[in-house]
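Here is the structure we will look at, set down as structure tokens.
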Amino acid sequence: MNHIELFAGCGGLSLGLESVGFDLLLANELSPMAAETFAYNFFGEDLAGYDTPCGKHGRPALRTKWLSSKFAATDLKQRLREDPRQYPALGSGSSDLKADATLKGSLVVGSIIQLNQWLARNPRARSLIKSGFGSGGVDLVSGGPPCQSFSMAGMRQYDNARNTLPMEFANFVQMVMPKMALLENVTGILRPFTVGERKIHAWFEVAKAFVAAGFVPLCLHVNAKFAGVAQNRPRFLMFLFRADIYQTLLGSLNAAEKELLVPSGRFFERATQEPDVEFEAGALPYFDVKDSSDLALFQNSFLAPLVAYSGDRTPFTVRDAIDDLRQEGGHYSPYLDQINTYLAPHVAPHKMENHEHRQNSPHVKRRFRIYQVLQQVSRGVQNEVQALLAGTGNDLSHGSLAELSAHWFLGEKGERIIFGKKNYPAMVQYLLGHQTKKQTQKALDPSAPAPAALSIPDDACHYEELRTLTVREMARIQSFPDNFAFRSKITTGGQMRKYEVPQYTQVGNAVPPLLGRAIGRIFDELLRRTNEAIHEPEAVVA
């Protein structure tokens, strides 16, 4: 099996796919910072460590290639710091791309928009890629277009320029015509946008774009925790089948699989015949793991790997992911066996990195301890204390004070203090002294999967130690193995947030590798069925 990875990021989805036997034909990533991590782990290329020039023979050929850069190929250090928003127009900058077989197995650093333009101008390269570089075609094109404008935690702007990227994904797929494709995104894409008096569903418009490209869409609302990831991470998935492949698969479907796929086929036929029609709600359903009847379809179909940890098999927790990384040590869980057995062998061998503890002030540590206490008290107490911390409250009820008095807090000198009944006013003043504008920050619950919003150090603190999580701990939660090393800056700030993708953000943006592995197992099964149907010998009539 082979695959092309668009919007590759640091490589979470690619790692999952490669763990079930997919070979990388080509990858594309906009950010040079994320590309540095991808190249380091999959190619063993330490881009930041390459000296220029490299001896009398020059720099060795790299599998990491820039589509268009302001800087020459010999100036890798500058390229790695380049602002992707300022990549030169095609033909006006420095480019490493050639329309020949040297593209095979490469990571192309640049805009998908420019990559599509380059392929349109270079039919030989387009033909080579479409053929799978001579392997008979492309099995899978996959990727997750940037999603901030779709996200419920982000901008929620339908006309944001980033919303064109799923359409660019469809354009690439139409040029390459793989057997199958996958688009991954945030679940905010399922929420309608209000444009004037109209309600527009972005996912539905994207599905129609793929129909126009010749693909049948199957739309899903899933959660990474049910695929074995230690994170409560809902995602939108669109599985796409080239029309002829869809027809080939129909003969292999069981009853549950027909319920999943037959409505997609009907939608494809209608949308093909009437591309400009306004479809009624429900013309193309999406299947949701939160719905019990839909969940049963997942469990009884080729989608079963996406819900392997539902029902009696409970999801992994934060403690399963990171407890052994505590300073005092902790238990090694079956979760770590999963990621080290299935994923670690597919990464270049590196020692564990990215576990440096960030320094926090005594005041911040005291607030972290408050968050840890809030994880151990009732919801009503949490609400009252959070109002104090937000500055919208100035006192606590007697019941809340009594419940809080059973827990210790951190004193000015780092000592443990407990506020008894006679010190209730002091407890209130203590809490008022730790007000903050960071209203979403909290301590992780060690007995549950981590929350979805976990992409910067300020998102959460450790459940026991008075600190934020390290990059390695966030990566563990996302199911990256310890030999997967994150490169470039650790974090960033200010205006650079608009274009830099440091280590914490690389982790937060990634498709969890175990979710990628579950997706890969599904495509493995579907491609196997397709090949068996195509090569099945005709029955001989006696």
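The values are calculated or read from the model by the stated rules, or taken from the named source; none is laboratory data. Being a predicted model, the structure only gives us computed values, none of them experimental. Positions of Cβ are backbone-derived with ideal geometry, glycine not excepted, and every protein chain shown enters the neighbour counts.
Evaluation of Ala321 against the conditions (1) closer than 22 Å to Phe215 by Cβ; (2) not in a loop (DSSP other than H, G, I, E, B) shows that the sole unmet condition is (1). The set of residues in segment 413-422 that are without any contact (Cβ under 8 Å) to a residue 12 or more places away in the chain and part of a loop (DSSP other than H, G, I, E, B) comprises Lys413, Glu415. Could we say that Glu328 is under 21 Å from the mean Cα position of the chain (by Cα), in a loop (DSSP other than H, G, I, E, B), surrounded by fewer than 19 Cβ atoms within 10 Å (Cβ to Cβ) and of a type outside the set (Val, Ile, Thr) here? No; evaluated as a whole, the condition is false for this residue. Restricting attention to segment 204-230, the residues that are at pLDDT 95 or above and either on the phi > 0 side of the Ramachandran plot or of a type in the set (D, E, K, R) (or both) total 3. Taken over segment 300-317, residues that are part of a loop (DSSP other than H, G, I, E, B) and more than 29 Å from Pro192 (Cβ to Cβ) amount to 11. Check Arg369 against each of (1) under 16 Å from His462 (Cβ atoms); (2) touching a helix residue (DSSP H, G or I) at 6+ places or on another chain (Cβ under 9 Å) and name the one condition it does not meet. Here Arg369 meets the rest and fails (2). Somewhere in segment 45-55, is a residue crowded, with 20+ Cβ neighbours inside 10 Å and not in a loop (DSSP other than H, G, I, E, B)? Taking every residue of segment 45-55 in turn, at least one turns out to be crowded, with 20+ Cβ neighbours inside 10 Å and not in a loop (DSSP other than H, G, I, E, B). In the set (1) in a loop (DSSP other than H, G, I, E, B); (2) touching a Pro at 6+ places or on another chain (Cβ under 8 Å); (3) of a type in the set (A, V, I, L, M), Ile339 fails one condition alone, (1). Where helices (runs of 4 or more DSSP H) sit wholly within segment 423-529, those with at least 3 residues that are free of Cβ contacts under 8 Å to residues at least 40 places away in the same chain occupy 424-432.
Okay, residues lined up against (1) out of contact with any helix residue (DSSP H, G or I) (no Cβ under 8 Å at 6 or more places or on another chain); (2) among the β-branched types (Val, Ile, Thr); (3) under 30 Å from Gly508 (Cα atoms); (4) assigned to a helix (DSSP H, G or I):
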site	(1), (2), (3), (4)
Phe239	no, no, yes, no
Ala256	no, no, no, yes
Leu260	no, no, no, yes
Phe267	no, no, no, yes
Ala283	no, no, no, no
Phe298	no, no, yes, yes
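Kindly check whether there is at least one residue in segment 257-270 that is at pLDDT 95 or above, buried (at least 21 other Cβ atoms within 10 Å of the Cβ) and under 23 Å from the mean Cα position of the chain (by Cα). Scanning segment 257-270 turns up no residue that is at pLDDT 95 or above, buried (at least 21 other Cβ atoms within 10 Å of the Cβ) and under 23 Å from the mean Cα position of the chain (by Cα).
Selection of segment 305-320 for residues being under 21 Å from the mean Cα position of the chain (by Cα) and either of a type in the set (Ser, Thr, Tyr) or closer than 19 Å to Leu13 by Cβ (or both) yields Pro305, Leu306, Val307, Ala308, Tyr309, Ser310, Thr317.
Taking the condition under 27 Å from Ala453 (Cβ atoms), among the basic types (Lys, Arg) and at pLDDT 95 or above, does Lys199 pass? When the stated conditions are applied, Lys199 does not pass them. Identification of strands (runs of 3 or more DSSP E) wholly contained in segment 163-217 with 1 or more residues that are within 19 Å of the chain's Cα centre (by Cα), of a type in the set (S, T, N, Q) and crowded, with 16+ Cβ neighbours inside 10 Å yields 180-185.
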